[in-house]
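**Student:** Below: one structure in structure tokens.
The values are calculated or read from the model by the stated rules, or taken from the named source; none is laboratory data. These numbers come from a predicted model, not from an experiment. As a convention, Cβ positions derive from the backbone with ideal geometry for all residues, glycine included, and neighbour counts pool all protein chains shown.
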Amino acid sequence: MSEIVDKSKENDWDLVREHVSGNSEAFRKIYEKYHRKVFASSYRIVGEEEQAADLTSEVFLKIYNELRSFKFESKLSTWLFRVAVNHAINRANEVRRHTRIREKIEKDGIRPSGGTKEGRPVDEEIHRAIQVLSPKLRAIVSLRYLEGLSYDEMADLLDVSLGTVKSRLFLAHETLRPLLKGISLELKDV
Amino acid sequence: MNCEQFQESIFDSHTTESKAHLEVCSPCAALLTQVKDEAHLLSTAKTPEPPADLWDQIQNQIERKTTIPRFRVVSWISIAAALLVGVMGYLVGQNPTKVHTDKPLQLNVVEVSPEKSRSLVGFVPGYDQEDTQQALANAMVPFPYRRDR
């Protein structure tokens, strides 16, 4: 397993080297490999498809130049997600939409809203529940349950201690529990 | 281990201490099941796909950043045209004997950009290099500050 991970790291590093040396196809490959995950993380943190697309675009434009200063000490994916998640958290903090959404959800309750363009209504409900969290907690939930990162990787990526990662995750669960309970019951009914 | 300690380390519930606590504490066992269910729900929720044309948008922006904006090219072409007029006016007015009447002055602007502006001097064929340099300098300097030879 670790060989596979190392191989992937090496491949990514090769792509970075090719990009820096002027091979335009290499950047396209990096984009193809990671843009869905960057978009998905951004979507979970900012809460809107349009904003998530803008953020994804901004992240790739940012790294297009910054890859020249990539130090080949960490995995490209970790470096890329650090940029993406911090960018999305900053944007979400700027907008401070979560307060408004929390009020709306508390007022309306979580009901099916027709779902996302491709997803099930229940996906949309889970997504709306996540928006109740602060941007930092959304990032934790996204990295853990969407990207499947380990606690160590999350601590490294967010530049916080392991204890902070776990306490934030626990707090996220505590906050989401009453909201997710209703969704679980709906799923069992179906 | 008490309940508070267990909850603090709920994401390390595979440790011997945690397992021992779970065997004797049903509320904590229920909480762990709940957390696992929530984790499953969160990890199976699908997110939408990014827009299909996102790469095109990014590529366009990269290209826009790495090439000269059109308005700047237009503006440099205007400057080049003004220089052409200036050079012709200077050569005819100041030193008509040096003008080659059989070979009219022609300024060919092949490519114009801030980096290549200096090569304009070389685009005035058939004329004395010093004169063209002076003419270009005069054309770029407002009249009251011009240093005529």
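**Student:** Among the residues of region A:152-184, write down those that are crowded, with 18+ Cβ neighbours inside 10 Å and not aliphatic (A, V, I, L, M).
**Tutor:** Hits for region A:152-184 are A:Glu153, A:Lys166, A:Arg168, A:His173, A:Thr175.
**Student:** Any chance you could count how many residues in region B:47-65 are of a type in the set (D, E, K, R) and not in a helix (DSSP H, G or I)?
**Tutor:** Count: 2.
**Student:** Does B:Phe6 satisfy the criteria of being more than 7 Å from chain A (Cβ to nearest Cβ) and of a type in the set (A, V, I, L, M, F, W, C)?
**Tutor:** When the stated conditions are applied, B:Phe6 passes them.
**Student:** Return the residue satisfying two criteria in turn: it lies in region B:35-65 and is under 30 Å from B:Asp12 (Cβ atoms) and polar (S, T, N, Q), and of such residues it is farthest from the other protein chains (Cβ to nearest Cβ).
**Tutor:** Looking at the filtered set, the residue picked out is B:Thr44.
**Student:** Looking at region A:163-175, is at least one residue among the small types (Gly, Ala, Ser) and more than 12 Å from chain B (Cβ to nearest Cβ)?
**Tutor:** Of region A:163-175, the ones among the small types (Gly, Ala, Ser) are A:163, A:167, A:172.
This time we only want the ones that are more than 12 Å from chain B (Cβ to nearest Cβ), so: none.
No: region A:163-175 contains no residue that is among the small types (Gly, Ala, Ser) and more than 12 Å from chain B (Cβ to nearest Cβ).
**Student:** For A:Asp123, are the conditions met, namely being part of a helix (DSSP H, G or I), modelled with pLDDT of 90 or more and out of contact with any Cys (no Cβ under 9 Å at 6 or more places or on another chain)? Working first, answer last.
**Tutor:** Numbers: part of a helix (DSSP H, G or I): yes; modelled with pLDDT of 90 or more: no; out of contact with any Cys (no Cβ under 9 Å at 6 or more places or on another chain): yes.
When the stated conditions are applied, A:Asp123 does not pass them.
**Student:** Go through region A:46-62 and report how many residues are more than 9 Å from every other protein chain (Cβ to nearest Cβ) and touching a Leu at 6+ places or on another chain (Cβ under 9 Å).
**Tutor:** Going through region A:46-62 one residue at a time, the tally reaches 2.
**Student:** Under 7 Å between Cβ atoms, at least 6 apart or on separate chains: pull out the pairs that start in region A:132-148 with a residue that is within 11 Å of chain B (Cβ to nearest Cβ) and touching a residue at least 40 places away in the same chain (Cβ under 8 Å) and end on any residue that is among the basic types (Lys, Arg) and surrounded by fewer than 24 Cβ atoms within 10 Å (Cβ to Cβ).
**Tutor:** Matching pairs, first to second residue: A:Glu147/A:Lys37.
**Student:** How do the pairs read when you match residues in region A:70-92 that are more than 17 Å from A:Ala53 (Cβ to Cβ) with residues anywhere that are of a type in the set (Lys, Arg), using Cβ under 6 Å and keeping only pairs 6 or more apart or on different chains?
**Tutor:** A:Lys75/A:Lys9
**Student:** Restricting the search to region A:29-45, which residues are surrounded by fewer than 21 Cβ atoms within 10 Å (Cβ to Cβ), within 7 Å of chain B (Cβ to nearest Cβ) and either basic (Lys, Arg) or not in a helix (DSSP H, G or I) (or both)?
**Tutor:** A:Arg36 - this is the single residue of region A:29-45 that is surrounded by fewer than 21 Cβ atoms within 10 Å (Cβ to Cβ), within 7 Å of chain B (Cβ to nearest Cβ) and either basic (Lys, Arg) or not in a helix (DSSP H, G or I) (or both).
**Student:** Ok, one more. Is there a residue in region B:36-52 that is at pLDDT 90 or above, touching an Asp or Glu at 6+ places or on another chain (Cβ under 8 Å) and of a type in the set (D, E, K, R)?
**Tutor:** Checking region B:36-52: at least one residue is at pLDDT 90 or above, touching an Asp or Glu at 6+ places or on another chain (Cβ under 8 Å) and of a type in the set (D, E, K, R).
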